[in-house]
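The structure under discussion appears below in the form of structure tokens.
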Amino acid sequence: MPEQSYLRLQYTANEKTKHDYRIELEAVPSNLPGAAGHRYYMICPKTGLRATVLYLRSGTGIFAHRLAYGPTRLYYDSQLEPKRFRGLGKYFAVDREWEKEYRKGRKTHYRGKPTRWYARLLKLEQQADAAAPGILQLMSGR
């Protein structure tokens, strides 16, 4: 197993609070077939939990696991949606997908056929259009 590794973070928050601390890394043998390497996880400085992403919440000043914030922990957007609207977010994702995928000069068609990314975007638009009447009915409470 690799030697003890860490990330050293040095930054200034709110233009006045200086931070300088280490985040330990834990190497875990890869579970991918044929891979002899390791996968690294960060160890949360607050909870000691293993994480691939640490979050910086305003007011706290340090990067930590999303569960480190106690009763006011961080949530994914989908966890905050009302149950009756869950899963509808994908129908409103057309604009986000377009911004993510579209780059100036990127081709939408090749030899007269839509490219894969563009066909996927068109399908998402069709799904959103087909679901719109049902969504409006659901939102009106009928």
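What follows draws every value from the coordinates through simple rules; no lab data is involved. Note that the coordinates shown come from a computational prediction; the quantities given were computed from them, not determined experimentally. Backbone-built Cβ (ideal geometry, glycine too); neighbour counts: all protein chains shown.
Ordered by residue, what ³J(HN,Hα) values in Hz, to whole numbers, does the range 9-14 give under the Karplus form 6.51 cos²θ - 1.76 cosθ + 1.60, where θ = phi - 60° and Gly and Pro are x?
So the Karplus estimates, Gly and Pro as x, are 10, 10, 7, 10, 9, 6 Hz.
Return the sequence-ordered ³J(HN,Hα) values of the range 48-57 in whole Hz as given by the Karplus equation 6.51 cos²θ - 1.76 cosθ + 1.60 applied to θ = phi - 60°, using x for Gly and Pro.
Each residue's phi maps through the Karplus curve to give x, 6, 7, 8, 9, 9, 10, 10, 9, 9 Hz.
Students often check this: by mean Cβ neighbours within 10 Å, which of 41-50, 64-73 ranks highest, and how do the rest follow?
Per-residue mean Cβ counts within 10 Å order the peptides as 41-50, 64-73.
Using +1 at the Cβ of each Lys and Arg and -1 at the Cβ of each Asp and Glu in the range 1-41, identify which of Leu7, Ser30, Tyr40 lies farthest towards the dipole's positive end.
Leu7
Could you give the alpha-carbon Rg of the range 19-70 over 2.2 N^0.38 Å, rounded to two decimals? Don't jump to the answer; show the numbers that get you there.
On the way: Rg = 13.3 Å, N = 52, 2.2 N^0.38 = 9.9 Å.
That ratio works out to 1.34.
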